[in-house]
1. To the nearest 20 debye, what is the magnitude of the charge dipole of the protein assembly as shown about its Cα centre, counting +1 on the Cβ of each Lys and Arg and -1 on the Cβ of each Asp and Glu?
2. Could I get the Rg over Rh figure for the protein assembly as shown? Both from C-alpha atoms, Rh via Kirkwood, rounded to two places.
3. Compute, for chain A, the length of the dipole vector about the Cα centre, with Cβ point charges of +1 (Lys, Arg) and -1 (Asp, Glu) only. Units Debye, rounded to 20.
4. Mind putting together the pair-distance distribution for the range B:7-270? All Cα pairs, 10 Å bins, whole percent per bin, short to long.
5. Nearest 10 degrees is fine. How inclined is helix A:209-236 to the longest principal axis of chain A, computing both from alpha carbons?
6. Output the Cα-based Rg and Dmax of chain B in Å, rounding Rg to one decimal and Dmax to a whole number.
7. Once you put a point 7 Å from the Cα of B:ARG376 and another 7 Å from the Cα of A:ALA129, both along the Cβ direction, what distance in nm separates them?
8. Each label point is 7 Å from the Cα along the Cα-to-Cβ direction; what then is the distance between the points at B:GLN143 and A:VAL44, in nm?
Amino acid sequence: MAVETLPPGVAAGAGEGLGSGRGRILSSLRSNPLGITGGIMLVVVVLAAVLAPVLAPYPPTEVHFDTPFQRPLTEGFLLGTDDLGRDILSRLLFGIQTSLQVGVLSVLLAVVVGTPLGLLAGYSRGFDAVISRLTDVTLAFPFLIIAVGLAAISGPSLGNAAIALGIAQIPTMIRVVRGETLRIKESDFVLGARTMDASPTWIMLRHVLPNATSAIIVQATVIMPVAVIGEALLSFLGLGIQPPTPSLGIMLSDAQQYIFRAPSAAIFPGIAIALICLAFNLFGDALRDAFDPTNTPRKGHR
Amino acid sequence: MLQDAENILEVEDLEVAFGGTPVLHRISFAMRRGERVAIVGQSGSGKSTAIGAILRLLPGSGRITHGSIVLGAGRTRGDVEDLAAASEPVLRRIRGQRVALVPQDPMSNLNPAMKIGPQVADAIVASRRGTDGGRPDRAEVRQRAIALLSEAGIPDAERRYGQYPHEFSGGMRQRVLIAIALAGEPELLIADEPTSALDVTVQRQILNHLQSLVDARGTSLLFITHDLGLAADRTDRIIVMSEGRIVEVGTPRQILLNPQEEYTQRLVAAAPSVAAVLDAEPLTPPAAAKDATSPILVVENLVKEFALRGRRGSTVRAVNDVSFAVERGTTTAVVGESGSGKTTVARIILGLETASSGRALIDGESLTTTRGAQRRALRRKVQPVFQDPYGSLDPTYSIERLIDEPLRIFGVGDRPGRRERVGELLDQVALPRAVAQRRPNELSGGQRQRVAIARALALEPELLICDEAVSALDVLVQDQILGLLADLQDRLGLTYLFITHDLSVVRQIASDVVVMKSGDVVETGSVDDVFNRPHAEYTKELLGAIPGATFAA
């Protein structure tokens, strides 16, 4: 019997699979200029955070009482100093580090808690009734109100801020995973698995979860900048990181008192927050496009 | 530039490329006024690209890189134009006015948020743009739209003018699309697979109607289809395309009865609708193979009611008192149009749905009542092959993992043993063992369906439920898969329950038929009886609607 020969170009065709062609996702990212920009910014931000101890010219909390309010580009202080003469560049680098720490921790919390709950809610109607109603109630409150409330109850610290922000993000994560689960569980391959007597756990872990991964990753990159802003806001309100530990929010909050005397002390952390958010948003958008099979340019149109 | 004034369209050396790769290789053909021409080809043959080029509506990076497309002068308006070189303003006066398109999918080609009537009226207004400067008279346009809708075969068009697309059935929507295409009184109508999404009986009504409209107006029709039988029934001339080239051109009689090219011969041999009438040689061994053992599958008085959403207590009966039996080692086809309940029956047998009443027994046991180990054992006996080979294989899995998943679920064998079994299964479905490490999206539709079959065979089932298992495939591939299924039945003694809407496939593979309509069994019997001596009116209607029947003689 004649068999259709394996067409070599088929892999490059319409590209239906999610997560299958890792090479395809990478090449799609690479061909998207915004994705490249976001990716480069992301690398710069992460490097700045990781290498903060090496890059920073001074310890972030070291005070120089003889040189407060230095302008940017003064010798010895590239970005100037604040009211206590602390080097703004050093504080900025360590501030980025704490911001990313809080961001990553809260995203991890949202993913680790939200994903299984979303899977359960999407897969079983009984769980759905409970989980989705609770999600609805939580979503009725603005994200920041919840985060502020939780942080106020648990007391100010880096860990508590991360937990508060993470918890506040769990409902959106549940929504996303639940939606994906609802879609995937109707697909023929899940029906096929059911006719092979696959258990619900098997189906959820081995079929639904891998196919929902792309959506989860994309959602994580969306949550990340929100968490970074949230950290800045909590710290600004005195509910997050405590001085003298540097954090972008604390730098902003401190700079507020002498905003007209040394505007640079507020401008640089502000720019840093904006850049971090932009980096994650651009990269997340590009990632979503890369994962979306309907978005890839169709090469083999008939 | 037009070589013959009697031609409405002359395509010369047309080459179209996407990016840098040419997909149409210098094709040439001409159409005479009032002629009906079919372009037949499988997916990827370039037939849609050809009409995209004629309308200058190529998707994405498609460009005409060589050749001309000359449109003859209109009878009442318009000059000879080279569409390949025409500017966009010129094209806008041609599209919809002199050349119109009936698109493929009636579900997605109407704006769901807009009423039907205004969509037709829009087409009328657009087609008059540039002819007279004046604002169109709204009442007059409305009257014209209603007239067009009734002409296209929509009853009570006055009332339906204000309805939305979702209130129309697929066939009715296709009629609306035809009305839109005819709004500008075009001289060339291009129909791109206008009925491939519709049931056969609806397909026949629509095509009869389209033909009478086209004949009455003297419009030329360029008909794109993958169905050779349909092309033969409906057109004066057939152009066979493959891989961006014209393979053969001829009258339906020449192409079907005396094909010259090897490709056309294969296509004719594989075309199920043609084969169903040309030679009735079944692929399966005749019913003599039946032994007198107890049937493997017995369906008894099966009823399935679905609750209607939002209306408490009211239900719709999808399956109404269905009974039939399948003998071991034979193939039974369940035939019906969409909404006939055939898929629901299959799902109940597979235990994916529970019956409202009645039973589906496999070797005397039902999947819905058994539990635990007994149910697991029963599952191994029945496996499905689904319609869509793109949706039925998890895209994140490699072929090897896909095929050995059932083995892992049932804990069959150890790792090397399972790997060996996957190799055997790939051999059985005639795929090279090297595909094991690939992923589904690297394979073609036919290869994927082979993987789906290999996966279904992994647990050595006795009964395969094929739910439209070949409907999504091109005819040549479809033929190969049907051959593979027949071959596997021979070697492994499998029993098939074949759910399909395509009567011509039934003729090729099945020994017994169950004809279903709106949840009821209309007729059962052997293929010979049902095809040659149909009793039910509906069966006769279905048989009459098989395209290609004109060449039965």
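The values are calculated or read from the model by the stated rules, or taken from the named source; none is laboratory data. On a predicted model such as this, the values are computed, not experimentally measured, just so you know. Cβ: placed from backbone, ideal geometry, glycine included. Neighbour counts: every protein chain shown. The protein model used for the area step is the full one, side chains on, heavy atoms only, and it has no ligands, DNA or RNA in it. Shrake-Rupley method; radii C 1.70, N 1.55, O 1.52, S 1.80 Å.
1. On the way: 83 positive and 89 negative charges, 306 e Å.
Here the size comes out at about 1480 debye.
2. When Rh is taken as the Kirkwood radius, the ratio is 1.05.
3. Approximately 820 debye in magnitude.
4. Percent of pairs per bin, in order: 7, 30, 35, 22, 6, 0.
5. Here the helix axis deviates by roughly 20 degrees.
6. Using the Cα atoms of chain B, the pair Rg, Dmax is 25.8, 80 Å.
7. Between B:ARG376 and A:ALA129, the simple spin-label model gives 3.1 nm.
8. 6.9
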